[in-house]
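The values are calculated or read from the model by the stated rules, or taken from the named source; none is laboratory data. In this text the structure is predicted, and so the values were computed from the model without any measurement. Glycine also receives a Cβ, built like all others from the backbone with ideal geometry; neighbour counts cover every protein chain displayed.
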C-alpha cells in the first residue's frame, strides 16, 4: 500500500501543470463527451474534441484544482450476523448477513452479501457488483446479468454482490449527506477485500456499479481513497450526483443535470430529511433556501474541491447506452469527462449503440460487460 500512496501523490502533483495547459487547449477547441462507439481505447485528444460545444462546469471549475489538498473520509466497520449459508435460488453461491456502521451515522444498516466462488480451480481475482436505484436487490436480478456473473466465475473470478436491506443512503435523524452515507458501500468493499479477497496484492480486486450503484463505486474513489485497493472500476450508466448543485438547483444552462424528483428526494434523505427537503423542492418555491444549501451540496458532490480524480493504479471504465437520456447518464458523463481531463492513466469510455439505461439488456452490452470484467480486472 505504501508505494501506491506515494505514487498517487506524485501523479497528482505532476499532472497539475499538464492539466492546466490541457484546459486552455480545451477552452480553445471545445469539449465533447469523450466517448467511443462500441470500443474502449485509451484517452486521446480526438476522442474528446468536438467543435461548437462549450466546456462544462466540471472542467472549468475543478480541473485547475487537481493539485489540491485531498480529504479522505473515514471508513466504518462491518459485523457478521450470519453465514455462510446457501443462497436461495442460487447454485454454488453462499450468502452472509452483515450490519454496517459508519462514523457520524447513528443507525447501522443491514445487507446481504452473495459470494460466488470461481468455477475453475485457480482464482484469478475478485469482483464486487453494486445494483442501481436504492440498492435493495442483487446486481444479477436479470437473466442477462446472471449469465454475466456465471461467465465471470467460469473465467476464475470470485464474485461478490451486495443487497442492502433498505436504501443505502437513508439516514433518519442524521445529516451525513451523500458523501457521508457512501461510507457504507466503501466500508463493505474494504471488508470484502480484507475478508474474502484476503487483502491479496497479487490478485486484482475490482468493482462494477450500475446507475446509482455506480454512485457507490465512484464515492469509493473520490472521497474514500479506495483506488489504493481497486484495480478496475466499471461505471454503467452512471454515477448520479457528480454535481449536486446542478442536480438540486435548476438552471437552464445545466438543465441536463437537474435531477428527477425521486433522485432529489434521495439527496434529501441522505441528510435525514424525508419530507419537504430543499433539494426536492420545486424550482422557484424558495430560491434563498436552495442557495443556502449550495455549499453543502457542492462539498458532497462526487466532483468536489475535496475529492480525488487521479487514480494511478485503477482502471476507470465507463459505458453508456446510445438511447439513454436519463439525468443519471448525464451526471455519469460529467464524471467521465473529469477523469478524461485529469490525466488518470487507465481511463476508457464506451457507447453501446441501441442500448438504453440498462446497457447489459442487449447482446452487445452483455458482451462488452463480460469482456471488460474478464480482460480489464488486472493489476496495474
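Just the residues that are in contact (Cβ under 8 Å) with a residue 40 or more places away in the chain, surrounded by fewer than 24 Cβ atoms within 10 Å (Cβ to Cβ) and assigned to a helix (DSSP H, G or I), please, taken from the range 256-265. Passing the criteria: 256, 263. Filtering the range 320-361 to residues that are at positive phi and either buried (at least 20 other Cβ atoms within 10 Å of the Cβ) or within 15 Å of the chain's Cα centre (by Cα) (or both) leaves only 343. So which strands (runs of 3 or more DSSP E) are wholly in the range 93-152 and hold at least 2 residues that are at pLDDT 95 or above, under 15 Å from residue 208 (Cα atoms) and under 19 Å from the mean Cα position of the chain (by Cα)? The strands (runs of 3 or more DSSP E) meeting that bar are 125-130.
Working only within the range 68-92, note down all residues that are farther than 25 Å from residue 178 by Cβ and either at pLDDT below 90 or not in a loop (DSSP other than H, G, I, E, B) (or both).
If the condition is that a residue be farther than 25 Å from residue 178 by Cβ and either at pLDDT below 90 or not in a loop (DSSP other than H, G, I, E, B) (or both), then 80, 81, 82, 83, 84, 85, 86, 88, 89, 90, 91, 92 are the ones that fit.
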